[in-house]
1. Looking only at the range 111-132, count how many residues are β-branched (V, I, T) and either touching an Asp or Glu at 6+ places or on another chain (Cβ under 7 Å) or farther than 15 Å from T82 by Cβ (or both).
2. Going by what's in this entry, would I45 be described as modelled with pLDDT of 90 or more and under 17 Å from N121 (Cα atoms)?
3. Restricting the search to the range 1-36, which residues are free of Cβ contacts under 8 Å to residues at least 60 places away in the same chain and among the acidic types (D, E)?
4. Could you say whether any residue in the range 58-80 is at pLDDT 85 or above, at negative phi, among the charged types (D, E, K, R) and in contact with a helix residue (DSSP H, G or I) (Cβ under 6 Å, 6 or more places away or on another chain)?
5. Listed residues A36, A28; which is under 15 Å from the mean Cα position of the chain (by Cα) and under 16 Å from N121 (Cβ atoms)?
Amino acid sequence: MNLDFFDAHQRHWEDAELLKGGNRLANADHLFGISAECGLKCLMIIFGMNPDVSGADKVHADKIWNRFESYRSGHNQGAKYTLPTVNPFSDWNVNQRYARRVDFDISRLASHRAGAEAVLNLIKKAKLAGLL
């Protein structure tokens, strides 16, 4: 399969929104994290940062947020694409997909959705700039 972080970012965002609307918080929370991860990896690629998806960059939303910031700061095009300083995914882990659904609530989801939306807005900005 070919990697397409842009498409993956979009579809995971869309599915997370649908699940959120259906009160399926656990899976929505998971997909907001995956959406953010894919969006940041997409941006890294268009800025020429070439994330190593088999090595140090084979990480998810909780870790890629900080990796993006370290990459971004060293690239001219990335300078205008800042994220909030606090990583909203610091309490998110891909293995939470195995957690019980009662462990998820709307405040937890809201934080992760806001993080994914910050990435979504950077993607929109890159699109308007003709980078995507």
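1. Qualifying residue count for the region: 0.
2. For I45, the condition - modelled with pLDDT of 90 or more and under 17 Å from N121 (Cα atoms) - is not met.
3. Matches in the range 1-36: D4, D7, E14, D15, E17.
4. No: zero hits.
5. Just a single option satisfies the conditions, and that option is A36.
The values are calculated or read from the model by the stated rules, or taken from the named source; none is laboratory data. All values reported here derive from a predicted model rather than from experimental measurement. Reconstructed Cβ throughout: ideal geometry from the backbone, glycine too, with neighbour counts over all protein chains shown.
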